[in-house]
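Below is one structure, written out as structure tokens; comments come after it.
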Amino acid sequence: MAFTTAELCDAHATEEHFQIADPLFRHYGGILDFYGQITTLKVFEDSFLIETILAEKVKDRVLVIDGGGSHRCALVDFTLAKRAAENGWKGILVYGCIRDSARLGELPIGIRALHAHPLKSHKKDHGDIDLPVNFAGVNFKKDHFLYADSDGIIVSETMLS
């Protein structure tokens, strides 16, 4: 599906189920434009559940990680992003940090995050999967649709065309 978030905004911005994320995120992956159904994850400085979820084979899904906006460690690195791309994930949105930023650009996956940080996270198996999460002015819910390109990120309850 070819899209631009600008065109989607022109066509759908007045609809109740349509949200636009605050422009907080930097682009890190090798794919600039991506979309898919959302899987949510809420963690804090802990990547154990991220590893578990990204090991799943999926089709056209985007992992939305509410990392609490932490700038003290990275939640996603090259190894995790590579696994995600191999398993069919279209994108990862991290409300937190990533690492291996130069290498992430080699991978066929869209990645947005607040910043890069060299320290890896803990692995304590704390967090919640598929609960609604809220950051950047958007309520992210399981199975809603996320669209991202160079202009921004939008979320809709339904698939947009």
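The values are calculated or read from the model by the stated rules, or taken from the named source; none is laboratory data. Keep in mind that this is a model prediction, so the values were computed, not measured. Because the Cβ atoms are built from the backbone with ideal geometry, glycine has one as well, and the counts that use them run over all protein chains shown. These accessible areas exclude ligands, DNA and RNA; they are computed on the full protein's heavy atoms, side chains included. Shrake-Rupley method; radii C 1.70, N 1.55, O 1.52, S 1.80 Å.
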Quiz item: So which residues in the range 85-117 are touching a helix residue (DSSP H, G or I) at 6+ places or on another chain (Cβ under 8 Å), more than 17 Å from residue 46 (Cβ to Cβ) and not charged (D, E, K, R), if there are any at all?
Solution: 87, 89, 104, 107, 108, 109, 111, 116
Quiz prompt | Positions within the range 104-121 being open to solvent by 90 Å² or more (accessible area, probe 1.4 Å) and either assigned to a strand (DSSP E or B) or of a type in the set (Gly, Ala, Ser) (or both), in sequence order | solution = 120
Practice problem: Working only within the range 126-161, note down all residues that are in a loop (DSSP other than H, G, I, E, B), within 16 Å of residue 36 (Cα to Cα) and of a type in the set (D, E, K, R). | Solution: 130, 141, 142, 143, 157
Practice problem: Answer yes or no as to whether residue 83 is open to solvent by 70 Å² or more (accessible area, probe 1.4 Å), under 26 Å from residue 2 (Cα atoms) and touching a residue at least 24 places away in the same chain (Cβ under 8 Å). | Solution: yes
Quiz prompt | Filter result for residue 74 (open to solvent by less than 60 Å² (accessible area, probe 1.4 Å), under 18 Å from residue 23 (Cα atoms) and either without any contact (Cβ under 8 Å) to a residue 12 or more places away in the chain or among the aliphatic types (A, V, I, L, M) (or both)) | solution = no
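With the requirement that a residue be aliphatic (A, V, I, L, M) and surrounded by 15 or more Cβ atoms within 10 Å (Cβ to Cβ), what does the range 94-103 give you?
Just the residues of the range 94-103 that are aliphatic (A, V, I, L, M), to begin with: 94, 98, 102.
Within the range 94-103, 94, 98 meet the criteria.
Take residue 148 and tell me if it is touching an Asp or Glu at 6+ places or on another chain (Cβ under 8 Å), open to solvent by less than 80 Å² (accessible area, probe 1.4 Å) and within 17 Å of residue 28 (Cβ to Cβ). Let's see the steps before the verdict.
Details: touching an Asp or Glu at 6+ places or on another chain (Cβ under 8 Å): yes; open to solvent by less than 80 Å² (accessible area, probe 1.4 Å): yes; within 17 Å of residue 28 (Cβ to Cβ): yes.
Answer is yes for this residue.
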Practice problem: Out of 39, 14, 52, report the one residue that is of a type in the set (S, T, N, Q), out of contact with any Leu (no Cβ under 9 Å at 6 or more places or on another chain) and within 18 Å of residue 157 (Cα to Cα). | Solution: 14
Self-check item: Single residue of 91, 29, 67 found to be free of Cβ contacts under 8 Å to residues at least 40 places away in the same chain and surrounded by 14 or more Cβ atoms within 10 Å (Cβ to Cβ)
Solution: 67
Exercise. Under 9 Å between Cβ atoms, at least 6 apart or on separate chains: pull out the pairs that start in the range 43-57 with a residue that is over 10 Å from residue 75 (Cα atoms) and without any contact (Cβ under 8 Å) to a residue 40 or more places away in the chain and end on any residue that is crowded, with 19+ Cβ neighbours inside 10 Å and not aliphatic (A, V, I, L, M).
Key: 54/89; 56/39; 56/89
Quiz prompt | Complete set of residues in the range 122-145 that are at pLDDT 95 or above and surrounded by 18 or more Cβ atoms within 10 Å (Cβ to Cβ) | solution = 133, 135, 136, 138, 140, 144, 145
